[in-house]
Amino acid sequence: MGRKTKARWVTLLFSVLLILVPTSGIESKVVRVVVDRREDLLGGRGWGDVGAYEKLIGRIFFAFDPGNPANGRIVDLEWAPRDGDGMVEAWADFMVLQPKDPADRR
């Protein structure tokens, strides 16, 4: 996967998170995205004007600062294990459907 493709994925995933996950003032940052599995949809057959689609399944890792007052609503955050930077990591599963070839516009 090229650098531009990775940047597009991170942007897409972050955008989805902003839309779907209510933050209620909690502050975190995405520290990494891991794609565990890629699958063709419909056996790789075309779908409308954009051709074949694929499904990406993976995990998004976040880092929370336990010292940030905005994160005070997270239960027991102060007791969670911390990484080398003093942050607490958490992760969430994700699933994304995307055109297999974004340039394919039949």
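Taken together, the values in this text are just the output of simple stated rules run on the coordinates, not laboratory data. All values derive from a computational prediction rather than experimental measurement. Every residue, glycine as well, gets a Cβ built from its backbone with ideal geometry; the counts of neighbours run over all protein chains shown.
Tabulated values for the structure
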item	result
Longest to shortest principal axis, alpha-carbon extents of the stretch 22-102, angstrom	50, 25, 18
Efficiency of FRET from Cβ geometry, Asp83 and Arg38, R₀ 35 Å, rounded to 0.05	0.80
